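Asker: A single structure is presented below for examination.
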Amino acid sequence: RALLNFLLARLHQIDADVLVGHNIGGFDLDVLLHRLQANKVPNWSRLGRLRRNKMPNLGGGGNKFGGGAGTAALSTLAGRL
């Protein structure tokens, strides 16, 4: 939980416009959001630039090969590319 809080604080501090990663929308974001939800991290909405109170529905994956993050999960990155 401390590592997740550190990640969110650092991301908020540097205020990155672009998040780059291999398959971030297909796997990484989905895993990250599930870990944030399981550990009840309160500032999960710092992944994007919009403050949100309600965690999106993480039940369904995308329609692409390999599943991954659905459109609700991808919307948590609003304001970043």
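No value in this document is a laboratory result; all are computed from the given coordinates. Keep in mind the model is a prediction, meaning the values are calculated, not measured.
Asker: So I have (i) -0.56, -0.72; (ii) -0.51, -0.64; (iii) -0.77, -0.96, and one of them is log10 I(q)/I(0) by the Debye sum over Cα atoms at q = 0.16, 0.18 Å⁻¹ calculated from this model. Which one is it?
Answerer: Recomputing log10 I(q)/I(0) by the Debye sum over Cα atoms at q = 0.16, 0.18 Å⁻¹ here gives the entry labelled (i).
Asker: To continue, here is another question. Taking 8 Å as the Cα distance limit and 6 or more residues as the minimum spacing, I'd like the relative contact order of the chain as a percentage.
Answerer: 38
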